[in-house]
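Engineer: Got a structure for you, written out below as structure tokens; questions coming shortly.
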Amino acid sequence: MSTHCIFCEIIAGRASAQRLYEDVETAAILDLRQSNHGHVLVLPRAHVVTLDHLPENLHASVMRSVVAMTRAVTACFQPDGVSVWQSNGEGAAQEVPHVHFHVFPRWKDDGHLRIYPQTVTDACTGDLEQIAERLRPFLPKS
């Protein structure tokens, strides 16, 4: 584990956090910033910087913990909804270089997490076809 990663430090017990859940492969902690109470972070115990580098053997366990935390937040806080997000890299504003998912309770008109900065129109069919053709060579074979 990296000694410079706060999440690795938390997992190793060398840094404090409000731990909620732990299993063999994942951990869930409360985010320090609770702009909506119940903001939870789910992370793999293994140090992996971005989701595209997450080993295949961890996919299911990480998502299982995300679902469990979503259910817990929903039952406890009874929000109008829950946002789940994950950011990779500087361009996506990833703050901690360790894969983690945010489980964030939401209330109607709470002002959080605007996806688009302005109105976005739907792409035309031709543009969608070109984008799909460009992406397909990088997809796993089914």
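Engineer: Most mobile of E22, E129, E90 per a Gaussian network model of the chain (Cα springs, under 10 Å)?
Structural biologist: E129
Engineer: Match the structure shown to one of the listed values (i) 121; (ii) 157; (iii) 112 of volume of the Cα convex hull per residue in Å³, computed from it, and give that label.
Structural biologist: The calculated read-out lines up with (ii).
Engineer: Just to confirm the number: angle between the C-alpha axis of helix 56-77 and the first principal axis of the chain, 0 to 90 degrees, nearest 10?
Structural biologist: 70
Engineer: Where in the chain lies the longest segment free of trypsin sites (Lys or Arg not before Pro) that are both loop residues by DSSP (not H, G, I, E, B) and have at most 13 other Cβ atoms within 10 Å?
Structural biologist: 34-107
Engineer: For the range 6-114, what is the relative contact order in percent, using Cα pairs closer than 8 Å and at least 6 residues apart in sequence?
Structural biologist: The normalised contact order for the range 6-114 reaches 27 percent.
Engineer: Angle between the Cα long axis of helix 125-135 and the longest principal axis of the chain, 0 to 90 degrees, nearest 10?
Structural biologist: 50
Engineer: Suppose each label sits 7 Å from its Cα in the direction of the beta carbon; what would the T119-E9 distance come out to in nanometres?
Structural biologist: Each label point is offset 7 Å from its Cα along the Cβ direction, giving 4.7 nm.
Engineer: Which residue fluctuates the most in the chain, going by a Gaussian network model with Cα springs under 10 Å, if the choices are D80, D122, D23?
Structural biologist: Judging by the Gaussian network model, the answer is D122.
Engineer: A further question on this structure: Which net charge results for the neighbourhood of R45, defined as the other residues with beta-carbon distances under 15 angstrom from its beta-carbon, given Lys and Arg at +1 and Asp and Glu at -1?
Structural biologist: -1
Engineer: While we're here: Given the options N36, N57, N88, which has the most mean-square fluctuation in a GNM of the chain, springs set between C-alpha atoms less than 10 angstrom apart?
Structural biologist: N57
Any read-out appearing in this document is the output of simple, stated calculations on the displayed coordinates, not a laboratory observation. In this text the structure is predicted, and so the values were computed from the model without any measurement. Note that we place each Cβ from the backbone using ideal geometry, even for glycine, and neighbour counts take in every protein chain shown.
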